[in-house]
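We did not get these values from a lab; they are worked out from the coordinates using the rules stated. For clarity, every value in this text was computed on a predicted model and none was experimentally measured. Quick reminder, even Gly has a Cβ in these numbers, built from the backbone with ideal geometry, and neighbours come from all protein chains shown.
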Amino acid sequence: MALAPDAASRRGHLLWAARPRCVSHAVEMWRATLLQIRSVSRSFGELRALDDVSFAVEPGRMTGFVGANGSGKTTTMRIILGVLAPHGGTVTWNGAPVTQGVRQRFGYMPEERGLYPKMRVADQITYLGRLHGLDRATAQHNTRDLLEQLNLESRAGDPIEELSLGNQQRAQIAAALVHDPELLILDEPFSGLDPIAVETVLGVLRERAARGVPVLFSSHQLDLVERLCDDLVIIAGGAIAASGGREELRDKFGSRRFQMVVGDDAGWIRDVPGVQIVELDGPRAVFEVADGIAPAPELAGRVESTQDARDQVVLDAALRRGSVHSFGPVTPSLAEIFREVV
Amino acid sequence: MSADTARTGGTSFLASTRLIAEREIRTQTASKGFWINFGVIVVGIFVLSIVPGLFGGGEPSVATVGSDAARVAEAAELDTQPVPDRASAEVLVQAGDVDAAIVPDPEGSSPLGLRIVAEQSSPDDIVAALSVSPPVDLLNPSEVSDGLQFLVVFLFALVFFMASFIFGMAIAQSVVTEKQTRIIEILVATVPVRALLTGKIAGHSVLAFGQITVIALATPVALRLGGHDDLLSTIAGPLGWFVPFFALGFVLLACMWAVAGSMVSRQEDLGSSTSLVSTLIMIPYFGVIFFRDNDLVMTVLSYVPFSAPLAMPARLFSGDAQGWEPVVTLVILIVAVAASIMMASRLYSGSLLQTGARVRLGRAWARTD
Ligand SMILES: Nc1ncnc2c1ncn2[C@@H]1O[C@H](COP(=O)(O)OP(=O)(O)OP(=O)(O)O)[C@@H](O)[C@H]1O
Ligand SMILES: [Mg+2]
């Protein structure tokens, strides 16, 4: 996962080292079909909507793009699709700039949905397939397959405007997929879908990713993103706050936070230096340990990192006071990471 | 989806344009309004030609009683219908089957020995045909009578006006629909904006030219049915010039309509941005009709891009224009069309993604997006 080191450190957010496997040979091959966003900026008048945004979307991986309202997700996606021009930075595909011809092979589901309201579902999707360069027979064939996959085949002959909102949304997804795109950019593809439809669409997207298509999708449904994505990009106020593999992000945040249940009141933990209480409820305490504190003298030489040292100090203290029922790192949910980073 | 998906190797500019034009044509021809408009025009042409009198009619028709009357009427090239007596002649006049009757004058008060019987007013054309008047020598004879000239110019102007307006409005609506439904975002991400604009204009132009061709083919038939063969031979010449001027003039205005459509985001706001284009159509329409007799104004109008498509054929028709003049005007029009396509593409792409109620021209031109 490429990072925006300047932006992230300037904003005081955590920074993750590149995943170890990124140096592997496999990645060298992947680079061939990688979407790379480098130092992209964009302003609307006085408003700096995007500031030095950099990240990558890797082949075969579902990349979740999350951020608060107005943080710049849609703007970023529009720049990738050439709908908006960046005021700085580059977007590359296969290491080369994205041109009109390249873009034609991308699949895009815009935030503001839109199809021709009076055109029939199948005609419309076939038409868009042909605009993307398919011949008529292939476009028709793909349309039939997709409508079937999305359980929409019974509405194929109806004008879009006669479909329910959720079904229009499925048609919109079909429109983004009809030309077997090499890259998928989906702006909130799950909003407005019922749980069964979510699973259907999810299945379709997973299948694309499994074929090696990089998928970038934004969503406010963090539980869904957490379940679905391989990689995460978190944007806040137009700058990348965090990006990386899902597990990697979890580990990073989880390793700083611990939960402990002791025999009696855990209030004493307040007095341990370098420890920040998140939650304290009788015998149960959730706390975070700060970086950059020297190991307690009594543990010097026994532990390697300062962070480990600090949680070991707490455990040590707890054991000296009495029984410890449980002690361990807390794996944060995406929602928690999100709250912390944004 | 199959793994062996056939790609035509990306869509070229021309292929995209063709697809877009095709869709426009399909959409338009699938709408009832399109056919109703068309039907009204064609039926109108037949009604105008066949209903007697509206086009000035053929020769006046008369019922004649007696051989003297018949001889005089035939000499005056009137449409003659002999009847046995005055009573049956009066029946025909009353019924409107003939314009008048020429009957013998039993009282002998007329030097010709004939009387004319008409229904309500004195049939001046018949009286004139039967009168003896001194011959007139014209120094600069016009090939076509003044009234007929006006009529033909008026009809050409009307066809141009209606076609520009009806098809232009359809173009503007089609543009604004894409903005309003937001499908524009997918389209812009897929095909070049210039292909979008060109395809739209091409599609609607094909439809307009198709309709005009049908009208041009139906008009002679209608005129012949109505017995206006002489009129037919007079408009055949200017019709030849009208076609290229019409085509270029139409494309010129079509660009304007497309820009007008892209300047707003909702159908409801279309009126405000199309008023300028409407004016650009009205000016030549009324200009050519009102200043038909003013050589200077007509000469100027025939070189100004927006009015040239009407004014130049009109001047050719009345024999005022030199042979080289239409060629110069055609060149001017071609240059204007090229310039307007370039300008329209720029404004169009600059304004397509702005979603305010009214897009500012300056911003669209500057392409802040
Ligand atoms: N066309 C525009 N003109 C002016 N400002 C804009 C425009 N588009 C976006 N912005 C501004 O840019 C910022 C980022 O907007 P963007 O739509 O990218 O956010 P987002 O992350 O997609 O939000 P949401 O989750 O609500 O969809 C916002 O402050 C927005 O007001
Ligand atoms: Mg958005």
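Taken over the stretch B:234-329, the alpha-carbon convex hull comes to 100 cubic angstrom per residue. Residues in the stretch A:97-114 carry Karplus couplings, in order, of x, 7, 9, 3, x, 5, 4, 5, 9, 8, x, 9, 10, x, 4, 8, 4, x Hz; the curve used is 6.51 cos²θ - 1.76 cosθ + 1.60 with θ = phi - 60°, and Gly or Pro positions show x. Peptide A:124-133 has a mean shielding of 5, counted as Cβ atoms of other protein chains within 10 Å of each residue's Cβ. Take each residue of peptide A:104-112, count the partner chain Cβ atoms within 10 Å of its Cβ, and average: the result is 4.
If you take all C-alpha pairs in the stretch A:3-251, what percent of them are over 30 Å apart? So the pairs more than 30 Å apart make up 26 percent of the total in the stretch A:3-251. Can you tally the net charge around B:Ser67? Count Lys and Arg as +1, Asp and Glu as -1, for every other residue whose Cβ sits under 15 Å from the Cβ of B:Ser67. Around B:Ser67, the surrounding residues sum to -2.
Among A:Cys229, B:Cys255, sorting on how many other beta-carbon atoms sit within 10 Å of each Cβ, with the fewest leading, yields A:Cys229, B:Cys255. Counting every other Cβ atom within 10 Å of each residue's Cβ, B:Thr177, B:Thr29, B:Thr198 order from fewest to most as B:Thr29, B:Thr177, B:Thr198. As a calculated quantity, the FRET efficiency between A:Ala68 and B:Thr29 at R0 = 41 Å, using C-beta atoms, amounts to about 0.30.
The alpha-carbon of A:Lys118 sits under 24 angstrom from the alpha-carbons of these lysines, leaving out residues fewer than 8 places away in its chain: B:Lys32, B:Lys179, B:Lys200. Shape descriptor for the stretch A:126-254: Rg over Rh equals 1.02 (Cα atoms; Rh from the Kirkwood inverse mean 1/r). Calculate the length of the line joining the C-alpha centroid of the stretch B:305-354 to that of the stretch A:173-216, in whole Å. With the stretch B:305-354 and the stretch A:173-216 each reduced to a Cα centre, they are spaced 48 Å. The packing ranking of peptides B:266-272, A:49-55, highest mean first, is A:49-55, B:266-272, where packing means the average number of other beta carbon atoms within 10 angstrom of each residue. Among the residues of A:77-87, the average count of other protein chain beta-carbon atoms within 10 Å of the residue beta-carbon is 3. Among the trypsin sites (Lys or Arg not before Pro) within the stretch A:227-260, not one is in coil by DSSP while having at most 16 neighbouring Cβ atoms inside 10 Å.
Dividing the Cα radius of gyration of the stretch B:61-122 by 2.2 N^0.38 Å, with N the residue count, gives 0.99.
Residues A:Phe44, A:Phe217, ranked from the fewest to the most other C-beta atoms within 10 Å, line up as A:Phe44, A:Phe217.
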